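In what follows, a structure is listed as structure tokens, so that the remarks can point back to it.
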Amino acid sequence: MQKAKVLSYIGLATRARKSVSGEFSVENSVRKGKAKLVVVSEEASENTKKKFRNMCEYRKTPLYFFGTGEELGRACGKEFRIVTAVEDEGLAKAAISHL
């Protein structure tokens, strides 16, 4: 139940054009301070997890390891995504409350 809510908030952010997905786009969003929440798939490589852990820790951006690449991709309207970021503060807080 909680998993579905988090994925639906990511989907809402995507439809509102308040999310980005893919390693490069999320990295830019975090560096510019736009990302309010970063979600990395549990099946991401250790290097990817470490990279985003360090980046988000430095920039004080909430980071969660959640779901599979297929689930995140489906929530974003894509086929497969390892990392996604929500740029809307309200939707990010709502998703964090269920993580």
Notebook entry, point to check: What are the aspartates and glutamates whose alpha-carbon lies under 19 Å from the alpha-carbon of LYS34, with same-chain residues fewer than 8 places away excluded?
Noted result: GLU23, GLU57, GLU87, ASP88, GLU89
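Please list LYS49, LYS34 from largest to smallest accessible area, probe radius 1.4 Å, with all protein chains kept in place. Could the numbers behind the result be given before it?
Values: LYS49 30, LYS34 105 Å².
The residues order as LYS34, LYS49, largest area first.
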Note to self: Can you show me the helix-derived [θ] at 222 nm for the chain, built from DSSP H runs with n ≥ 4 at -39,500 (n - 2.57) apiece and divided by the number of residues, rounded to the nearest 500.
What the structure shows: -17000 deg cm²/dmol
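Using alpha-carbon pairs under 8 Å, 6+ residues apart, how would you state the relative contact order of the chain in percent? Don't skip to the answer; put the middle values down first.
On the way: 170 pairs, mean separation 43.4, N = 99.
The value is 44 percent.
Could you work out how much longer the chain between PHE80 and GLU46 gets when fully extended? Use 0.36 nm per residue separation minus the Cα distance between them, nm to one decimal.
Numbers: separation 34, 0.36 × 34 = 12.24 nm, distance 1.79 nm.
Computed gain between PHE80 and GLU46 is 10.5 nm.
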Margin query: If every alpha-carbon in region 31-99 counts as one equal scatterer, what log10 I(q)/I(0) does Debye give at q = 0.16, 0.18, 0.26 1/Å?
Written below: -0.51, -0.65, -1.26
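Suppose we keep just the DSSP beta bridges with both residues in the chain; what percent of those would be antiparallel, to 5?
70
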Next item on the list: For GLN2 and HIS98, calculate 0.36 nm times their separation in residues minus their Cα-Cα distance, and state this gained length in nm to one decimal.
Entry: 34.0 nm
Notebook entry, point to check: From the residues SER41, ALA16, GLY69, which one has its Cα farthest along the dipole of the chain in the positive direction, the dipole being from +1 and -1 charges on Cβ of Lys/Arg and Asp/Glu about the Cα centre?
Noted result: ALA16
Notebook entry, point to check: Between ARG31 and GLU89, 0.36 nm times their residue separation minus their Cα-Cα distance comes to what?
Noted result: 19.3 nm
Note to self: So with the 1.4 Å probe, I'd like the accessible area per residue for the chain, rounded to whole Å².
What the structure shows: 58
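The values are calculated or read from the model by the stated rules, or taken from the named source; none is laboratory data. All figures in this text were calculated on a predicted structure; none of them were measured in a lab. Virtual Cβ from ideal backbone geometry, glycine too; neighbours counted across all protein chains shown. For the accessible areas, the whole protein counts, side chains as well, though only heavy atoms, and no ligand, DNA or RNA atoms are used. Shrake-Rupley method; radii C 1.70, N 1.55, O 1.52, S 1.80 Å.
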